[in-house]
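Peer 1: Right, I'll just put the structure down here and ask away after.
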Amino acid sequence: NHDTVVLELLASDGQMSRYEIGQQAQAAASIGQGHIMHAIGGHGRSLWLKVMRRFLGGRLEDELVMLNTAMTGFRGNATAGIEQALAEITRSIQLELDWNCERAFMDKGVKYYHEALPGLRSAQVVQALPQDRPVVLIMENIEGGTLQSWIQREVTGVDAPDEACEGARLLKAAFSVWSTEALLRSGFFHGDPHAGNMMFHYSAENKTGALTFIDFGNSIDVDDPVSGLTKQVVFLVFGTLLKSPKLALRAFRIQNEATECRLACELDEAWKKAESATWWQYGAAAA
Ligand SMILES: Nc1ncnc2c1ncn2[C@@H]1O[C@H](COP(=O)(O)OP(=O)(O)O)[C@@H](O)[C@H]1O
Ligand SMILES: [Mg+2]
C-alpha cells in the first residue's frame, strides 16, 4: 500500500530477507533521513535505513560552478587563502556525499572501536545501495536513543545512579578509545563525535550499558598520526598552557611570516583579555 514499502535483501550467503519500511521517517538527518526496517516473517532483527536526500550531488555541482564564476574576477595572492579554504570545504562536502566512503569508515569504526572496551560499540553496516554510487546505507538498528536525548532526559527510579555511572563510564571509554586510536595508533578517528552521533542504551536487568558510535560521514584517517596529528596537538596544548603564541602556532601550517606575526599578536591579546575571564569566556576567546 502507499504507507509502506517492502524491501528484499539478498545476503552474501544467498538468504533472502524481507523488510517493511514505513514512509514516515524516524529521524531527519542533515543530508538524509532515517527509517526503521521491520523484519517480515520473524526471521530476525530490524535494521536502520539511511537515505540521502535527492538531487544533493547535482546541487553541489551547480553551486560550485556559481562560486567559481564569482571567484574568477578575484584571482591572485590576496585570495589564495579563500581559494584554498573553498577547495577544502568542497572536498569535505564531496566526501560527505560519498557514501561508499562512509561505509568504509563504518567498517573502520567496527575494526577500531567495537568492543575496544566493555560496552563500547560501533554501528555495523549491512549494505550500501546501489553499489557504484550509494544513496542508501543499511545498517543495524541500534537500541536506545542518542546520548544527547539521554543527557536531556530526567532519569528517575532506583536504577538511576547505576545508569548515570554507566553512562559516565562509557563516555570516558569512548573518549579514551577515540583519542588513543587517533593520536597514537591507527590515525583513524570519527570526525564528529558529538552526543547526537552516539547511541546509549541501559539494561537495568544486567546493570550494563552500551554506547554506540554512529554517523561516520566526517571521519578522518591520518597516515602518520604521531607526526601528522599528535605533535600538533602537543604544540597547541603546551603553547596555550605556557601562553606562548609562537609555540601554539606551530600546530598550524602557516606559510607566511607576516600572517604568523599577526596571529601571534591576536592570540597574545586574546589571552591577556581572557586572564580575568571565566573559563568559558576564556574558551570562546581562544577559539
Ligand atoms: N543505526 C541507527 N539505529 C537507530 N537510530 C539511528 C541509527 N543511525 C542514526 N540513527 C538516528 O538518526 C539520527 C540521524 O542520523 P545520522 O546518521 O547522525 O545523520 P546525520 O548525518 O544527518 O547527522 C541520529 O541522531 C539517530 O537518532
Ligand atoms: Mg549525525
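The values are calculated or read from the model by the stated rules, or taken from the named source; none is laboratory data. Note that this is a predicted model, so its numbers are computed, not measured. Cβ sites come from the backbone with ideal geometry, for glycine too, and all protein chains shown count toward neighbours. Heads up: the accessible areas ignore ligands, DNA and RNA and are worked out on the full protein's heavy atoms, side chains in. Shrake-Rupley method; radii C 1.70, N 1.55, O 1.52, S 1.80 Å.
Peer 1: Find all pairs meeting these conditions: Cβ atoms under 6 angstrom apart; at least six residues apart or on different chains; first residue within the stretch 185-214 and at positive phi; second residue part of a helix (DSSP H, G or I).
Peer 2: Gly187/Pro225; Lys207/Asp162
Peer 1: Please verify whether Leu117 is surrounded by fewer than 16 Cβ atoms within 10 Å (Cβ to Cβ) and more than 26 Å from Glu181 (Cβ to Cβ), treating the condition exactly as stated. Reasoning before the result, please.
Peer 2: Working: surrounded by fewer than 16 Cβ atoms within 10 Å (Cβ to Cβ): yes; more than 26 Å from Glu181 (Cβ to Cβ): no.
The answer is no for Leu117.
Peer 1: A follow-up question, please. Quick test of your reading of the structure: Asp159 fulfils all but one of (1) free of Cβ contacts under 8 Å to residues at least 60 places away in the same chain; (2) within 29 Å of Arg250 (Cα to Cα); (3) open to solvent by less than 60 Å² (accessible area, probe 1.4 Å). Name the failing condition by number.
Peer 2: Failing condition for Asp159: (2).
Peer 1: Mind checking which residues of the stretch 12-28 are within 17 Å of Asn141 (Cα to Cα), out of contact with any His (no Cβ under 7 Å at 6 or more places or on another chain) and open to solvent by less than 100 Å² (accessible area, probe 1.4 Å)?
Peer 2: Across the stretch 12-28, the qualifying residues are Ala27, Ala28.
Peer 1: Can you tell me which condition Lys243 does not meet? The list is (1) loosely packed, with under 13 Cβ neighbours inside 10 Å; (2) on the phi > 0 side of the Ramachandran plot, and all the others hold.
Peer 2: (1)
Peer 1: Assuming Arg253 fulfils every condition listed in (1) loosely packed, with under 12 Cβ neighbours inside 10 Å; (2) in a helix (DSSP H, G or I) apart from one, which condition is it?
Peer 2: Result: Arg253 fails condition (2) only.
Peer 1: I would also like to ask the following. So in the stretch 163-214, with the set limited to residues that are under 19 Å from Val233 (Cα atoms) and acidic (Asp, Glu), which one is surrounded by the fewest Cβ atoms within 10 Å (Cβ to Cβ)?
Peer 2: Asp192
Peer 1: Select, from Ile31, Ile36, the only residue that is open to solvent by 30 Å² or more (accessible area, probe 1.4 Å) and touching a helix residue (DSSP H, G or I) at 6+ places or on another chain (Cβ under 8 Å).
Peer 2: Ile31
Peer 1: Now, a different point. Is it true that Asn206 is within 16 Å of ligand 1 (Cβ to nearest atom) and under 30 Å from Asn141 (Cβ atoms)?
Peer 2: Answer is no for this residue.
Peer 1: Still on this structure: Any residue at all in the stretch 226-235 that's closer than 22 Å to Leu95 by Cα and within 20 Å of the chain's Cα centre (by Cα)?
Peer 2: Scanning the stretch 226-235 turns up at least one residue that is closer than 22 Å to Leu95 by Cα and within 20 Å of the chain's Cα centre (by Cα).
Peer 1: Does Leu147 satisfy the criteria of being aliphatic (A, V, I, L, M) and either more than 20 Å from Leu117 (Cβ to Cβ) or within 16 Å of the chain's Cα centre (by Cα) (or both)?
Peer 2: yes
Peer 1: List pairs: first in the stretch 87-100 and free of Cβ contacts under 8 Å to residues at least 60 places away in the same chain, second of a type in the set (S, T, N, Q) and away from ligand 1 (no atom under 15 Å from the Cβ), Cβ under 9 Å, 6+ apart or cross-chain?
Peer 2: Asn100/Gln131
Peer 1: Does Gly217 fit the bill of being surrounded by fewer than 18 Cβ atoms within 10 Å (Cβ to Cβ) and within 16 Å of ligand 1 (Cβ to nearest atom)?
Peer 2: Here the answer is no, as Gly217 does not meet what is asked.
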